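Taken together, the values in this text are just the output of simple stated rules run on the coordinates, not laboratory data. What you see is a predicted model; the values in this text were computed from it and never measured. A quick note on method: Cβ atoms are made from the backbone with ideal geometry, for glycine too, and the neighbour counts reach across all protein chains shown.
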Amino acid sequence: MSGFESVLAGLDTELGWVRDFYTHLHRHPEVSLEEQQTSALVAEKLASFGCEVTHLGGTGVVGVLTNGEGPTVLARADMDALPVTEATGLPYSSEVDGVMHACGHDVHVSTLLGAAKLMADGREAWSGTYIALFQPAEEIGAGSQAMVDDGLVTKVPRPDVALSQHVMPIAAGTLATTAGPVLSAGDSLKITVYGKGAHGSMPHMAVDPVVLASSIVLRLQTVVSRETKPGDFAVVTVGALNAGTKSNIIPDRATLLLNIRTYSNQVRKDVLAAIERIVRGECVTAGSPQEPEFEYYDQFPLTSNDAAVTEKVTDAFTRHFEAGAVLQATPQTASEDFSRIPDAFGVPYTFWLLGGHDPEKYRAAVERGTVSQDIPGNHSPFFAPVLDPTLSLGVQAQVVAAMSYLAKDA
Ligand SMILES: [Zn+2]
Ligand SMILES: [Zn+2]
């Protein structure tokens, strides 16, 4: 029996409680920065496996298994739920009004705990250090930074590599990996531009911020179409434009809320610079009496997988899982804050997608070409990963990826 197989030998025994743990979390979701119960349950489990437990960044929890000489692997799960009212009708639906695990972070927590238990029990097959890290507040892009700010790099052993997975509406029983960008960098930006207020009948007394903001919205369309290199990916969305209260009053300011997505740090820098330049330029053109203000918030870093780590983990997946289970991932326009953890240590990482959707329904939707309409995506009130084989595959993927570095016979 190989080291991988001996660690995974206990899988079927552990899946019972992993499943119960998952349904318990799904019934009792907690929103970002309020993951107290989840965090306490995770810490209790980790301690019972024999991990050294550290609390970091509020509700963040880290379990460390030290097992002799060798590499250090960090695996991460996020724990928070969303302010969404569940509509799945599942027997284990959320019991908390207006809160739901609609992004599958309950899958991440329970499968990483399952993997940590198997690693703890299978110590004779590997050597090194295994770190299971549970972070709060991914949905608001704040949790990984909170753990970094609370001393992550001094309180937790430095890993050689970091791993994470996310359940997605692709067929359960499959995993998808890719080197390079897998999730976009995301930035939200509030822009305030100033005019000069006046009576609606006296435009000559005003600097009209409504016209100014309108011309900014149009001009911003050229950032992607005229300034971004064809083939480079960028999204610039003006999600809100607010000014004024009444038809006969010219207001004195307007605010715009923008969302920006990119797959490269350079493109991100260029796009943000272009936005600021256009806004300043339009303000000058309009004769705005005051400098515009830029306020960045809900910022997510780029998730770009290291090529060597991804190759090693993908090879291990391909050897372990049945033919056709390991797919090439297409980059997602969604964003994540995971990469702040490996970036804080300055270490490479890979982040893969875990299939969670009923394979039959998924295949039928693919054939009809209606996946985006028929398969409830993450954050939908209907998001409902199937338990089998999603939980089993999630545990196995975490073990196989870690063992590709830690196994004595790797
Ligand atoms: Zn999410
Ligand atoms: Zn998520």
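Points worth noting:
- Rg/Rg_ref, the stretch 185-300, where Rg_ref = 2.2 N^0.38 Å and atoms are Cα: 1.12
- Between Gln290 and Arg226, full extension at 0.36 nm per residue minus the direct alpha carbon distance yields a gain of 20.2 nm.
- Values of log10 I(q)/I(0), in the order q = 0.12 Å⁻¹, for the chain under a Debye, Cα-only, solvent-free model: -0.95
- Remark: the stretch 204-212, residue by residue, has Karplus-estimated 3J(HN,Hα) of 5, 8, 10, 10, 7, x, 5, 5, 4 Hz, where x stands for each Gly or Pro and the curve is 6.51 cos²θ - 1.76 cosθ + 1.60 at θ = phi - 60°.
- Fewest neighbouring Cβ atoms within 10 Å first, the residues Ser144, Ser247 line up as Ser247, Ser144.
- Efficiency of FRET from Cβ geometry, Glu311 and Arg368, R₀ 30 Å, rounded to 0.05: 0.30
- The stretch 73-226 - share of DSSP beta bridges that are antiparallel (%, nearest 5): 15 percent
- Beta bridges from DSSP with both residues in the chain: antiparallel share about 65 percent, rounded to the nearest 5.
- Gln328-Phe233 FRET efficiency (beta carbon distance; Förster radius 25 Å; 0.05 resolution): 0.90
- Projected-area mean, the stretch 84-137, by convex hull of Cα positions, square nanometres: 5.2 nm²
- Using alpha-carbon coordinates, inclination of helix 265-286 to the longest axis of the chain, degrees: 20 degrees
- In this structure, the pairs whose alpha-carbon distance is over 27 Å, taken from Lys269/Lys312; Lys117/Lys312; Lys45/Lys361; Lys229/Lys361, are Lys269/Lys312; Lys45/Lys361; Lys229/Lys361.
- Backbone geometry of the stretch 98-114 corresponds, through the Karplus equation with coefficients 6.51, -1.76 and 1.60 at θ = phi - 60°, to 3J(HN,Hα) couplings of x, 10, 8, 6, 8, 10, x, 5, 5, 5, 4, 5, 5, 6, 5, 5, x Hz, x marking Gly and Pro.
- In this structure the amide hydrogen of Ile249, modeled in the peptide plane, comes within under 5 Å of the amide hydrogens of Gly200, none closer than 5 places in sequence on its chain.
- Top of Val53, Val347, Val109 by mean-square fluctuation, Gaussian network on the chain, Cα under 10 Å: Val347
- Added length on full extension, which subtracts the Cα-Cα distance from 0.36 nm per residue, Ile140 to Gln37: 35.2 nm
- All Cα pairs of the stretch 16-156, percent lying beyond 22 Å: 37 percent
- Relative contact order, percent, the chain [alpha-carbon distance under 8 Å, six or more residues apart]: 25 percent
- For the stretch 108-231, alpha-carbon Rg relative to the globular expectation (2.2 N^0.38 Å, N residues): 1.82
- Thr174 long-range amide H proximity, modeled H, under 5 Å: Gly355
- J(HN,Hα) series, the stretch 5-15, from Karplus relation 6.51 cos²θ - 1.76 cosθ + 1.60, nearest Hz, glycine and proline x: 5, 5, 5, 7, 4, x, 3, 4, 5, 6, 4
- Summary value for the stretch 185-300: 45 percent relative contact order, contacts being C-alpha pairs under 8 angstrom separated by 6+ residues.
- Largest GNM mean-square fluctuation among Ala162, Ala234, Ala115, using the chain with Cα springs under 10 Å: Ala234.
- Taking the C-alpha atoms of the stretch 245-299, convex hull volume expressed per residue in Å³: 104 Å³
- Counting neighbouring Cβ atoms within 10 Å and putting the fewest first, the residues Ile278, Ile216 line up as Ile278, Ile216.
- Here the Kirkwood formula puts the hydrodynamic radius of the stretch 249-333 at 17.3 Å, using every distinct Cα pair.
- Of the residues Lys45, Lys361, the one with the fewest other Cβ atoms within 10 Å heads the list, and the complete ranking is Lys361, Lys45.
- Rounded to the nearest 0.05, the FRET efficiency derived from the C-beta distance between Ser214 and Asp298 at R0 = 30 Å is 0.75.
- Interchain or long-range residues, amide H under 5 Å from Val31's placed H: Ala81
- Rounded to the nearest 10 degrees, the angle from helix 390-406 to the longest Cα principal axis of the chain is 80 degrees.
- Among Arg368, Arg27, Arg261, residue whose mean-square fluctuation peaks in a GNM of the chain (springs only between Cα atoms under 10 Å): Arg368
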